[in-house]
Amino acid sequence: MKVFKYLFWILYRIWFYILVALPILILFPVLLLSILKESWYPFFFKLARFWARFILIGMGFRYKIVREETPDPKKSYMFIANHTSMTDIMLMLVSVKNPYVFVGKQELAKIPLFGFFYKRTCILVDRSSEKSRKAVFLRAQRRLKQGLSICIFPEGGVPDDESVILDTFKDGAFRLAINHQIPIVPLTFYDNKKRFSFSFFSGSPGKMRVKIHRFLSTEGLTTQATKPLNNQARSIILNALENDLK
């Protein structure tokens, strides 16, 4: 029985990478055209949402989104969520319609095919470099001025210990939101670790639940409120995850 489980997991992982690559290969000319100008990013974002939905459905994931509040399509936001799976990017894309730019680690740019578009459309950060972290703020500022939103996974990575429910949050997302006086939108991904964690021999089709919590206002706040805002946002997501385990 164990042999069949391991065989399934191996094939399931291979199938995931096929699903990631297939739409990119088919749509490559259109995708390439959509990134030639920054002003065309909203069109690229629509294609990215199609790509994400294609992968989730192809993997047998049934996603359900509960919204306590819905983002205004004419406003910019800071979207944040817990990070436990490679599918977090896809689930974020199908959960939020407002065009936003990911802030993510530069290592992902090395992934064949996916990395080509990732490094040209996302804001890459080397977390070990102070210079790189400062550059993020400048690039994010430019994108916000274009009317886009920003998405950051504030844990800064996935904990090696999978028993960790939610790691500590870095301050960058909250400082950036305060500086630009944009609301923070916390999202909780309940099932991604179970459905498709970073452990190779794991995963299965099934439900993926998302909750978009009420927004946290940054209006009138100064950078001194960064840590309290960080703690508030983390508590919302942590409480949602812990209550789901009861």
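The values are calculated or read from the model by the stated rules, or taken from the named source; none is laboratory data. Just so it is clear, the model here is predicted, and its values are computed rather than measured. Ideal geometry is used to build each Cβ from the backbone, glycine not excepted, and the neighbour counts take in all protein chains shown. Side chains are part of the model used for accessible areas, which takes the heavy atoms of the whole protein and leaves out ligands, DNA and RNA. Shrake-Rupley method; radii C 1.70, N 1.55, O 1.52, S 1.80 Å.
Can you compute the FRET efficiency between Asn243 and Trp15 using 1/(1 + (r/R0)^6), with r the Cβ-Cβ distance and R0 = 45 Å? Round to the nearest 0.05.
Result of the calculation: an efficiency of 0.85.
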Check your understanding: Between Thr223 and His180, what length in nm is gained on full extension when 0.36 nm per residue of separation is reduced by their alpha carbon distance?
Key -> 14.4 nm
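Arg62 to Lys145: extension gain in nm, 0.36 nm per residue of separation minus the Cα-Cα distance? Each step should come with its number before you reach the end.
On the way: separation 83, 0.36 × 83 = 29.88 nm, distance 3.51 nm.
The span from Arg62 to Lys145 would gain 26.4 nm if fully extended.
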Exercise for review: For Glu69, Glu107, Glu155, give the ranking by accessible area with the largest first, probe 1.4 Å.
Suggested key: Glu107, Glu69, Glu155
Practice item. Report, in whole Å, the centroid distance computed from the Cα atoms of the range 10-53 and the range 220-246. Key: 32 Å
Check your understanding: Considering only protein heavy atoms, what is the solvent-accessible area of Thr87 at a probe of 1.4 Å, reported in Å² to the nearest 10?
Key -> 0 Å²
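Just check the range 1-87 against the gyration tensor rule for me: Cα atoms, a ≥ b ≥ c as the square roots of the eigenvalues, rounded for a/c under 1.5, and otherwise prolate or oblate depending on whether a/b exceeds b/c.
Cα axes put the range 1-87 in the oblate bin.
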**Study point:** Of the DSSP H helices in the chain, those whose Cα atoms cover at least 20 Å axially and whose Kyte score averages 1.6 or more
**Key:** 2-26
Check your understanding: the range 134-233: which trypsin sites (Lys or Arg not before Pro) are DSSP loop and have at most 12 other beta-carbon atoms within 10 angstrom?
Key -> Arg214
Point to revise | Global geometry of the range 42-126, whether rounded, prolate or oblate, following the gyration tensor of its Cα atoms and the 1.5 cut on a/c | key: oblate
Check your understanding: Which of the lysines could be linked to Lys170 by a straight reach, that is with a Cα gap under 17 Å, when you skip same-chain ones fewer than 8 residues away?
Key -> Lys105, Lys131, Lys134, Lys227
Review point. Expressed as a whole number of Å, what is the distance separating the alpha-carbon centroids of the range 88-113 and the range 164-184?
Key: 17 Å
**Study point:** For the chain, the longest site-free run once chymotrypsin sites (Phe, Trp or Tyr not before Pro) in DSSP loop states with at most 16 other Cβ atoms within 10 Å are removed
**Key:** 1-197
Exercise for review: With a/c under 1.5 counting as rounded, go ahead and sort the chain into rounded, prolate or oblate using the C-alpha gyration tensor (a ≥ b ≥ c being the square roots of the eigenvalues; past the cut-off, prolate if a/b is larger than b/c, else oblate).
Suggested key: oblate
Practice item. Sort Arg234, Arg67 from largest to smallest accessible area, using a 1.4 Å probe on the heavy atoms of the protein chains. Key: Arg67, Arg234
Study note, to complete from the structure: For Leu27, the net charge from surrounding residues (Cβ-Cβ under 13 Å; K, R +1; D, E -1) works out to +2
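If I stretch the segment between Leu138 and Lys105 completely, what's the gain in nm (0.36 nm per residue apart, minus their alpha carbon distance), one decimal?
Working it through step by step, the gained length comes to 10.3 nm.
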**Study point:** Nearest-0.05 FRET efficiency for Asp171 and Asp72, computed from C-beta distance (R0 35 Å)
**Key:** 0.85
